[in-house]
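**Student:** Please find one structure pasted underneath; my questions will follow.
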Amino acid sequence: MPRNPLLASRQARRTTLGLAAALVAAAALTACAGAGGDGSASCAAVLEIDGVRYSGYGDLRRQPETTGRRLDVVVPGCDDTGGQGGAEPDRAASAEELAGVAADRAVLLDGLLYVRDGSDLPAAARVWFDPVRCAHAGEAELTGTWLGVTGSQEPRADGDLRPPYRIDVAVADGPATYAGTTVTLRVTSDTQPALGRDDVRDTLWTGGSVTARVRCDDGRFSVLAVRSTTPAE
């Protein structure tokens, strides 16, 4: 179970329809989560430093500052195929040291925060998980990697999206106040154009980006129009 209280408090009705390539890559940097060791469990985000285990901690909403120093870590191998494909071997990686947070408490690897098992989340890090509020005047355009989508309705097998739904976007371009953050954009039946099944297949599943025209509605990002761009475009 995720230790991040923001994740734990999400309504059960919301269903994740997909993840972008960034999250697919994160899943590859994992170790087996099942205690039984039968290879049938999903993989959890885990790394080790000098034999000490660190576990992935929730969804970052803001990218933390780093010192530039890197640390050698080991990502344990995992078999999440039920014994059909064989376990992947351990692999060496290079994590980043966080500014203001000792490496014996937490480190950053491929954009994910890992906290040493048995340690609490550093107080300075809590802001990294706070939802980003919409705070600009008028309309603005945001562009970034499409990370995922959630909605109150049951998902269709073909990936068709039916508003209302919310999309998570790692902002790459837009007002400076949102630079380096992950924001949640609200798409409604009034959003024109919106996203459809082709966008899910060609963009969300392949790590593409979206560009949205948004306005603020009581601190929330309301989407007036949104389009997707595949990685090849």
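The values are calculated or read from the model by the stated rules, or taken from the named source; none is laboratory data. Every value quoted in this text rests on a predicted model; they were computed, and no experiment measured them. With ideal geometry, Cβ positions are generated from the backbone for all residues, glycine too; neighbour counts draw on all protein chains shown.
**Student:** Identify, please: which residue in the range 187-209 is among the aliphatic types (A, V, I, L, M) and within 20 Å of the chain's Cα centre (by Cα) and is, among those, nearest to R227 (Cα to Cα)? Spell out how you get there, then give the answer.
**Tutor:** First, the residues of the range 187-209 that are among the aliphatic types (A, V, I, L, M): 187, 194-195, 200, 204.
Now drop any that are not within 20 Å of the chain's Cα centre (by Cα), which leaves 187, 195, 200, 204.
Numbers: V187: 12, L195: 7, V200: 11, L204: 12 Å.
Per the stated criteria, the residue is L195.
**Student:** Sticking with this one: Counting just the residues of the range 77-98 that are surrounded by 12 or more Cβ atoms within 10 Å (Cβ to Cβ) and not charged (D, E, K, R), which one comes out modelled with the lowest pLDDT?
**Tutor:** Among those that are surrounded by 12 or more Cβ atoms within 10 Å (Cβ to Cβ) and not charged (D, E, K, R), it is T81.
**Student:** Looking at the range 214-223 only, could you name the residues that are of a type outside the set (G, A, S) and exposed (fewer than 15 other Cβ atoms within 10 Å of the Cβ)?
**Tutor:** So the first thing to find is which residues in the range 214-223 are of a type outside the set (G, A, S), and the list is 214-218, 220-221, 223.
Hits for the range 214-223 are D217, D218.
**Student:** Something else now. With the requirement that a residue be free of Cβ contacts under 8 Å to residues at least 40 places away in the same chain and either within 20 Å of V214 (Cα to Cα) or small (G, A, S) (or both), what does the range 103-136 give you?
**Tutor:** Residues satisfying the conditions are G118, S119, A123, A124.
**Student:** Could you tell me which numbered condition R61 fails, if it satisfies all but one of (1) modelled with pLDDT of 95 or more; (2) surrounded by 13 or more Cβ atoms within 10 Å (Cβ to Cβ)?
**Tutor:** The one condition R61 does not meet is (1).
**Student:** How many of the residues in the range 170-224 are in a helix (DSSP H, G or I), among the charged types (D, E, K, R) and in contact with a His (Cβ under 9 Å, 6 or more places away or on another chain)?
**Tutor:** Going residue by residue through the range 170-224, those that are in a helix (DSSP H, G or I) are 176-178, 197-202, 204-206.
From what is left, the residues that are among the charged types (D, E, K, R) are 197-199, 201-202.
From the residues that got through so far, the ones that are in contact with a His (Cβ under 9 Å, 6 or more places away or on another chain) too are none.
The number of residues fulfilling the criteria is 0.
**Student:** Identify the residue in the range 115-170 that is at pLDDT 85 or above and polar (S, T, N, Q) and, among all such residues, is surrounded by the most Cβ atoms within 10 Å (Cβ to Cβ).
**Tutor:** So, considering only residues that are at pLDDT 85 or above and polar (S, T, N, Q), the one surrounded by the most Cβ atoms within 10 Å (Cβ to Cβ) is T145.
**Student:** Restricting the search to the range 87-102, which residues are charged (D, E, K, R) and in contact (Cβ under 8 Å) with a residue 12 or more places away in the chain? Step through it out loud before you land on a result.
**Tutor:** If we filter the range 87-102 for residues that are charged (D, E, K, R), which is where we start, we get 88, 90-91, 96-97.
Within the range 87-102, D90, R91, E96, E97 qualify.
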